[in-house]
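*Asks:* Pasting in a structure now, in structure tokens, and then I'll have a few things to ask.
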């Protein structure tokens, strides 16, 4: 795992707190470990571990209906599981904020990740999700904040796509 | 000869069963699944506290979970069909893990995909939803087969500390169309107005 020379996970947590986003739903990815641990260790935050990513669309929509803000973090392969489910927040005009760490692109070792990795952004855009790609650690925090404001101010779906170039390709013990 | 549309031995008539149950909801918010569960709620009498659904199959339980987490002061009932529940079955594990005390689920189980031609569903043979819920960690479950159980069911769903999970074995029936508002923005707006989150 690539170390975070810039602590973008803490920046995201701070941006969440500044916007009263108090719940993080997730199916984890390696690059999300620090953020998930930060949320898990924070008594003001709630972590919801899902069984499949599309449940996150239900949880965040239900939370918004009840007056609370929440979001979903996942690996890009999980985006494929979400496509029909993204119709729920869309139909209700509920905000849906997604943080996606990319696989199947920069330096991918596992060919099984490639199809969904390449298809992540087109699939999201095909169902009306505004994508905010970012490939520099220094820009993750501000990009996340911008996407969050877009989602909650406009009551639309937005996805921050964090490049594999930032996270680092999983090596499976390869040198 | 296809057996896809043979009748079940289930006895409960869904419309009077749901109507009687909802008389006891005592301000609970209701998240019906798409299709017949939504039609049943509307047929029982319209309410802004019903979050009607016309899509997103598999998401009723997770939506109800999010709502229950956001509003611990309100009881929340997810009322859905067997096919809809099966599609989101893993949500029961998430609900058990989060353990909201104000959340109840009721599956109206006619063992068929009612909206698409009554094709047999997976609960028509061996799948036991109460056993699944228990296996995922929802300790309190109830199986209902008789109309006379509706008051006990209401007590279970609306008063027992949650999360609680029930299955009602309902008969196949031909019910008149009962279609509520389908514009999601309108449904969400009046729901949030009823909760005091948005202005009318």
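*Asks:* Considering the zone a paramagnetic label at residue B:97 would reach in this model (a point 7 Å from Cα along the Cα-to-Cβ line), which residues of region B:64-88 have amide N under 14 Å from it?
*Replies:* Only B:66 fall inside the zone, counting backbone N under 14 Å.
*Asks:* Provide B:115, A:55 in ascending order of the number of other Cβ atoms located within 10 Å of each residue's Cβ, fewest first.
*Replies:* Starting with the residue having the fewest Cβ neighbours, the order is B:115, A:55.
*Asks:* Cα axis of helix A:55-65 to longest principal axis of chain A: angle in degrees, 0 to 90, nearest 10?
*Replies:* Approximately 30 degrees, to the nearest ten.
*Asks:* Suppose each label sits 7 Å from its Cα in the direction of the beta carbon; what would the residue A:130-residue A:20 distance come out to in nanometres?
*Replies:* Result: 2.1 nm between the two label points.
*Asks:* Quick one: Cα centre-to-centre distance for region B:9-46 and region A:1-50, in angstrom?
*Replies:* Taking the Cα centre of each part, region B:9-46 and region A:1-50 sit 39 Å apart.
*Asks:* Given a Förster radius of 51 Å and the C-beta distance between residue B:145 and residue B:186 as r, what FRET efficiency does 1/(1 + (r/R0)^6) yield to the nearest 0.05?
*Replies:* Computed FRET efficiency for residue B:145 and residue B:186: 0.85.
*Asks:* To make sure I understand, if each residue's beta carbon is the centre and we count other beta carbons within 10 Å, what order do B:134, B:199, A:68 fall in, fewest to most?
*Replies:* Placing the least packed residue first, the sequence is B:199, B:134, A:68.
*Asks:* Follow-up. Rounded if a/c is under 1.5, else prolate if a/b is larger than b/c, else oblate: which is region A:103-159, with a ≥ b ≥ c the root eigenvalues of its Cα gyration tensor?
*Replies:* oblate
*Asks:* Name the shape class, rounded, prolate or oblate, that the alpha-carbon gyration tensor gives for region B:95-200, where a ≥ b ≥ c are the square roots of its eigenvalues, rounded holds for a/c under 1.5, and otherwise prolate holds if a/b is larger than b/c and oblate otherwise.
*Replies:* oblate
*Asks:* Let me ask something else. Per residue of B:70-82, how many C-beta atoms from partner chains lie within 10 Å of its own C-beta, taken as a mean?
*Replies:* Taking all residues of B:70-82 together, the mean is 2.
*Asks:* Rounded to the nearest 0.05, what FRET efficiency do residue B:172 and residue B:24 have when you use their Cβ-Cβ distance and R0 = 22 Å?
*Replies:* 0.30
*Asks:* Given 0.36 nm per residue, what is the gain on full extension from residue A:155 to residue A:84 after removing their alpha carbon distance, in nm?
*Replies:* 23.7 nm
*Asks:* Quick one: if the Förster radius is 51 Å, what FRET efficiency do residue A:44 and residue A:114 give, using the C-beta to C-beta distance and rounding to 0.05?
*Replies:* With a Förster radius of 51 Å, E is 0.85.
*Asks:* Something else now. Using only atoms on other chains, find how many Cβ atoms lie within 10 Å of each Cβ of peptide B:181-188 and report the average.
*Replies:* Mean partner shielding for this stretch: 4.
*Asks:* Next question, about the same structure. Considering only DSSP beta bridges with both partners in the protein assembly as shown, what is the antiparallel share in %, to the nearest 5?
*Replies:* Around 5 percent of the beta bridges assigned by DSSP in the protein assembly as shown are antiparallel ones.
*Asks:* How high is the relative contact order of chain A, in percent, counting Cα pairs under 8 Å that sit 6 or more residues apart?
*Replies:* Across chain A, relative contact order equals 24 percent.
*Asks:* Evaluate peptide A:66-79: per residue, the Cβ atoms of other protein chains within 10 Å of its Cβ; return the mean as an integer.
*Replies:* Counting Cβ atoms of other protein chains within 10 Å of each residue's Cβ and averaging gives 2.
*Asks:* Something else now. Where does helix A:114-126 land angle-wise versus the long Cα axis of chain A, in degrees 0 to 90, nearest 10?
*Replies:* Roughly 30 degrees, rounded to the nearest 10.
The numbers here are math on the coordinates, done by the rules we state, and not lab data. Computed from a prediction, not measured in an experiment: that's the story for all the values here. Counting neighbours? That spans all protein chains shown, and the Cβs are built from the backbone with ideal geometry, glycine included.
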